[in-house]
Amino acid sequence: MRRIISILLIICSFNICVKAQNSEFPRFTFGAEWGYVATVQSGYRCIFFPPEGYRVDVRDNSFGLHSNADMYMHGGINLNENWNISLYIGYAGVSDIHKVIPVSIRTTRFFGRNHLADRWFAFTDLGSGICLKRPVQEILCGKIGGGYRLSLSRDTKLDFILSARMTYTHPQIIYDKMIISHDMVRRNNAYVSAISCGLGLTF
């Protein structure tokens, strides 16, 4: 049974390679992306116990501009002339709360069937990540956006990107200049909304 499965996997891999070589468009893609991120809204709700022992419940919802940058590497596959699915991993700032390593899956829809022509696109992006502050915490992030792709050659594309994003995280709590330990926190949720613009290069 294992031998049969191995043979089938080899045949499938061979077929994928042949199709990739014979395809009018590249099947596998990789590249990099850079962007400017502007936080425009943030909110949080924290419930914790300081060393004095009493219960503290604080919340806030505010608007204001905070600038960050992000960068990503990505690799994926073109399902056809119009659809791509890729894995993104990178480095990003989340307002003044975290520096994080986000990992996400992006689905992109290209408009127009000629992959050699310049064209518009739209995408959705959903994933998670690890913040670089201690204690290490997980974040959730999502994006929706689009842009315009310049076709520099059959395999090389330059993207101009605009997106809106939402990040859910758990920032470190500082109360009266003291860091509140994790075991004294009962609730710690923060939401950060931002818009971003950037450039992407795909091969």
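Within region 127-183, the set of residues being among the basic types (Lys, Arg) and loosely packed, with under 12 Cβ neighbours inside 10 Å comprises Arg134, Arg154, Lys177.
Name the pairs whose Cβ atoms lie under 9 Å apart, with the first residue in region 128-140 and farther than 16 Å from Tyr72 by Cα and modelled with pLDDT under 75, the second part of a strand (DSSP E or B) and among the basic types (Lys, Arg), and 6 or more positions between them or separate chains? These pairs meet every condition: Lys133/Lys99.
Pairing each residue of region 70-97 that is under 19 Å from Met166 (Cβ atoms) with any residue that is among the charged types (D, E, K, R) and in a loop (DSSP other than H, G, I, E, B), provided the two are 6+ apart or on different chains, yields C-beta distances under 9 Å for Ile97/Lys133.
Each row is one residue, and each column tells you yes or no for (1) exposed (fewer than 15 other Cβ atoms within 10 Å of the Cβ); (2) at positive phi.
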residue: Asn80; (1), (2): yes, no
residue: Asn84; (1), (2): no, no
residue: Ala92; (1), (2): no, no
residue: Ser95; (1), (2): no, yes
residue: His98; (1), (2): no, no
residue: Ser104; (1), (2): no, no
residue: Thr108; (1), (2): no, no
residue: Phe123; (1), (2): no, no
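Residue-level check: of (1) more than 23 Å from Tyr72 (Cα to Cα); (2) at pLDDT 85 or above; (3) loosely packed, with under 13 Cβ neighbours inside 10 Å, Arg186 misses just (2).
So which residues in region 66-83 are over 15 Å from the mean Cα position of the chain (by Cα) and of a type outside the set (A, V, I, L, M, F, W, C), if there are any at all? Within region 66-83, His66, Ser67, Asn78, Asn80, Glu81, Asn82 meet the criteria.
The values are calculated or read from the model by the stated rules, or taken from the named source; none is laboratory data. Computed from a predicted structure; not experimentally measured. Positions of Cβ are backbone-derived with ideal geometry, glycine not excepted, and every protein chain shown enters the neighbour counts.
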